[in-house]
1. Filter the range 190-219 for residues that are of a type outside the set (D, E, K, R) and under 21 Å from the mean Cα position of the chain (by Cα) and give the result.
2. From the list GLU155, GLU142, GLU124, which one is loosely packed, with under 11 Cβ neighbours inside 10 Å, at pLDDT 85 or above and among the charged types (D, E, K, R)?
3. If you check PRO76 against the conditions, is it within 29 Å of LEU206 (Cβ to Cβ) and surrounded by fewer than 14 Cβ atoms within 10 Å (Cβ to Cβ)?
4. Cβ contacts < 9 Å: first residue outside the structural domain of LYS15 (by TED's automatic domain parsing) and surrounded by 11 or more Cβ atoms within 10 Å (Cβ to Cβ), restricted to the range 188-204; second residue polar (S, T, N, Q) and outside any helix (DSSP H, G or I), any location; separation 6+ or different chain. Result?
5. Assuming THR21 fulfils every condition listed in (1) in contact with a strand residue (DSSP E or B) (Cβ under 6 Å, 6 or more places away or on another chain); (2) at pLDDT below 75 apart from one, which condition is it?
6. Between LYS33, LYS24, which is within 28 Å of the chain's Cα centre (by Cα), among the charged types (D, E, K, R) and outside the structural domain of ASN193 (by TED's automatic domain parsing)?
7. Counting only residues that are among the acidic types (Asp, Glu) and closer than 30 Å to MET50 by Cβ, give me the helices (runs of 4 or more DSSP H) lying completely in the range 109-219 with at least 1 of them.
8. Please pick out the residue among GLN191, GLN173 that is among the polar types (S, T, N, Q) and more than 20 Å from GLU60 (Cβ to Cβ).
Amino acid sequence: MVTSIQFATSKKDKKGGAPTTHWKSREEVLSFKEKFELADIWQIHNLDIMRFTWKRTNPEIQCRLDYFLISDSLCPNVFEAEILPGYRTDHCMITVRISATTNPRGPGFWKLNTHFLTENEYIEVIKKPIGNVSKEYKGHHEVDKILLWDVIKREIRAATIKYAKVKKVRSRQKECNLEKEISALEKEIDQQNLSEADKKSLHAKLRIRRQYMEDVIHY
């Protein structure tokens, strides 16, 4: 069983505000864990780390509200549990990666990303195969025009797929770098005994990085 919970059950999962709240709900969650033999997988993988998934700056309150509960029998198959920057939300994203055997996916259907048509780099890329096909069949008046158009489309498709793969790698690299920067900033903010000036500076940097992340994801 894999289920998600949004509730702080431990004092170490909260910083600021009332130390403990909602006792009855807390007991319900703990009872649910015990009944179905579930484990807080992030805590298992990060025993000595204090991280939070929700923050409020005024007043300053931080909690690890979001987490996965996973069957004890499934825990050995989990090889990663992370808290990552959220997207357009005041909560962080939580992830688990579970080792499992799956059937390989096929190539699926190809569809042109029409946004490429606004990019000068892409326009130059597809000009080359169009020019090559036109040159190859120049003067061959016996060639069916519909067949020639199909050949051009095939070459454009091949060039587009290659272009999209390169862009995806670049975009993913940008996203990974931003995730690391945001995660590092959040860890700094989570530290104890920061001055108000340091907190303000870190929160400003965090907002800028999150905006960059939104731009990359939206693109």
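1. Taking the range 190-219 first, the residues of a type outside the set (D, E, K, R) are 191-195, 197, 201-204, 206, 208, 211-213, 216-219.
Those that are of a type outside the set (D, E, K, R) and under 21 Å from the mean Cα position of the chain (by Cα): HIS203, LEU206, ILE208, GLN211, TYR212, MET213, VAL216, ILE217, HIS218, TYR219.
2. Working: GLU155 fails: loosely packed, with under 11 Cβ neighbours inside 10 Å; GLU142 fails: at pLDDT 85 or above.
Testing whether each residue is loosely packed, with under 11 Cβ neighbours inside 10 Å, at pLDDT 85 or above and among the charged types (D, E, K, R) leaves just GLU124.
3. On the way: within 29 Å of LEU206 (Cβ to Cβ): no; surrounded by fewer than 14 Cβ atoms within 10 Å (Cβ to Cβ): yes.
No; evaluated as a whole, the condition is false for this residue.
4. ILE189/GLN62; ASP190/GLN62; LYS199/THR57; HIS203/THR57
5. (1)
6. Numbers: LYS24 fails: within 28 Å of the chain's Cα centre (by Cα).
Going through LYS33, LYS24 in turn, the sole match is LYS33.
7. Working: elements: 120-136, 145-190, 196-218.
So the answer is 145-190, 196-218.
8. Numbers: GLN191 fails: more than 20 Å from GLU60 (Cβ to Cβ).
Exactly one residue qualifies, and that residue is GLN173.
The values are calculated or read from the model by the stated rules, or taken from the named source; none is laboratory data. Since the model is a prediction, treat every value here as computed from it, not as a measurement. Note: ideal-geometry Cβ built from the backbone for every residue, glycine included; neighbour counts use all protein chains shown.
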